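Down below is the structure, laid out as structure tokens.
The values are calculated or read from the model by the stated rules, or taken from the named source; none is laboratory data. Note that the structure is a prediction, hence the values are computed from the model and not measured. In this analysis, Cβ positions are derived from the backbone assuming ideal geometry, glycine residues included, and neighbour counts consider all displayed protein chains. Quick note on the areas: whole protein, heavy atoms, side chains included, nothing else; ligands and nucleic acids left out. Shrake-Rupley method; radii C 1.70, N 1.55, O 1.52, S 1.80 Å.
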Amino acid sequence: MKYIVCEKPQEFLLKETAVPEPKEGEVLLKIKRIGICGTDIHAFGGTQPYFEYPRILGHELAAEYVKGNAAGFNPGDKVTFIPYFNCGKCVACRNGLTNCCVNIKVFGVHIDGGMAEYVAIPEQYLLHGQGLDYDELALVEPLAIAAHGVRRAAVKPTDTVLVMGAGPIGIGLIQFAKIAGAKVIVMDINDYRLNFCKTELNADETINPLNDDVAAKLAELTNGDMANVVIDATGNQKVMNSAFNYISHGGRFVLVGLQKGELSFSHPDFHKRESTLMSSRNATIEDFEYVMKCLKEGKIDPKKYITHRTSFSEMITDFGQLIDPKNNVIKALIEID
């Protein structure tokens with residue numbers, strides 16, 4: 001089989017190896033779709049935390065079940081899976097927080113992932129396709145990240161939510177915050193994406209920091225209240241540090257984006273607001289199930305997300321174009337025949 005490995009920053013290589021033979025408790029899958037995500041982009045760029053090279057990337061996956069002994073699954077079934085392999089023994093796992101397991105191994109990050117024609121995975125992470133097609137199944141994982149962030153923030157209809165960053169994860173955050181009934185304001189420096197959020201996702205307002213004083217504009221849009229919920233999906237240290245000024249009194253700040261540096265904020269300002277700061281990492285089975293339910297019910301339209309495609313054989317050549325903001329990429333998928 002063929003696979004693509006990120007040998008080192010800025011270098012992909014196409015290689016061949018034997019098709020993996022599933023061990024006891026594993027299943028063999030034929031990969032059909034691979035979503036290109038922020039983690040892949042940061043890994044290729046050399047800025048991804050918790051990362052070592054060489055690494056086979058890819059954890060936004062749709063696949064065909066080939067063989068194994070997983071109960072209720074048959075060859076040819078459309079499937080996806082939870083790519084966060086947890087230990088089941090640590091304090092987080094014992095409390096049901098498998099998404100932040102102390103010893104977590106994220107497929108395509110800590111261990112080799114799905115940019116390959118076939119993969120073998122532990123059967124316990126396998127999910128039925130539930131009638132969704134391969135495109136939809138490839139979106140389940142990134143949407144689950146967003147669903148988890150909104151769930152962490154406990155978004156409710158009376159909230160005003162500021163989503164910072166309108167990439168694929170940010171777009172998911174917008175959709176789930178809207179499903180929760182909140183007013184949603186989107187911040188990004190890309191006018192194409194801001195317009196997309198207004199016209200396709202029904203975002204209530206947008207802010208471009210290149211044109212607007214964010215704090216002043218946010219105060220204007222909220223009658224001085226600021227945002228009850230601020231969610232970062234930029235992974236940008238400067239943006240994260242600035243965002244402490246955007247939180248309302250009694251508000252919540254959720255970090256979905258990830259960067260390597262330190263956060264810095266005024267303790268008195270943070271304290272007087274009785275603000276809440278929290279991170280949101282990965283997702284749980286509940287989030288995956290909720291996303292699949294929303295897709296089946298038509299609350300999320302995957303056609304709005306997928307703007308670019310490439311084949312497995314052309315991925316290395318096309319990758320630079322697929323991550324270039326000038327090409328107005330929302331979500332790119334790699335297809336394997």
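Computed values, structure above
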| quantity | calculated |
| --- | --- |
| FRET efficiency, 1/(1 + (r/R0)^6) with R0 56 Å, evaluated for Asn208 and Val91 via beta carbons | 0.85 |
| Vicinal HN-Hα couplings computed from phi for segment 241-257 (Karplus, 6.51 cos²θ - 1.76 cosθ + 1.60; Hz; Gly/Pro x) | 5, 5, 5, 4, 7, 9, 7, 6, 5, x, x, 10, 10, 10, 9, 8, x |
| Sum of -39500 (n - 2.57) over DSSP H runs of 4+, divided by residues of the chain (222 nm, nearest 500) | -8000 deg cm²/dmol |
| Extension gain, His128 back to Glu286 (0.36 nm per residue minus Cα-Cα distance, nm) | 55.5 nm |
| For the chain, built as a Gaussian network whose Cα springs stay under 10 Å, the top-fluctuating residue of Ile104, Ile34, Ile121 | Ile104 |
| Farthest positive-ward along the chain dipole, Cα basis, beta-carbon charges - from Ile56, Ile4, Gly129 | Gly129 |
| Calculated FRET value between Ile323 and Asp301, using beta carbons and R₀ = 25 Å, to 0.05 | 0.60 |
| Kyte-Doolittle at least -0.5, axis length at least 24 Å by Cα - qualifying DSSP helices, the chain | 134-153 |
| Subset of Lys32/Lys178; Lys217/Lys238; Lys178/Lys293; Lys178/Lys198; Lys156/Lys183 violating a 20 Å alpha-carbon distance limit | Lys32/Lys178 |
| Largest-first ordering by accessible area, 1.4 Å probe, given options Tyr53, Tyr246 | Tyr53, Tyr246 |
| Global form of segment 10-93, assessed from the alpha-carbon gyration tensor, a/c cut-off 1.5 | oblate |
| Accessible-area ranking of His110, His267, His128, largest first, probe 1.4 Å | His267, His128, His110 |
| Spin-label pair Leu277/Ile316, simplified geometry with 7 Å Cα→Cβ offset, distance in nm | 4.3 |
| Span from the segment 129-180 Cα centroid across to the segment 35-85 one, whole angstrom | 19 |
| Within a Gaussian network of the chain (alpha carbon springs, distance under 10 Å), most fluctuating of Pro142, Pro75, Pro168 | Pro75 |
| The chain: relative contact order in percent, alpha carbon pairs under 8 Å with at least 6 residues between | 17 |
| Asp269 versus Lys15: modelled label distance in nm, points set 7 Å from Cα along the beta carbon direction | 4.8 |
| About the Cα centre, charge dipole magnitude for segment 239-337 (Lys/Arg +1, Asp/Glu -1 at Cβ), debye | 340 |
| Qualifying lysines (Cα of each under 29 Å from Cα of Lys89; at least 8 residues distant if same chain) | Lys23, Lys67, Lys105, Lys260 |
| Calculated FRET efficiency for the pair Tyr50/Glu24, C-beta based, R₀ 22 Å, to 0.05 | 0.15 |
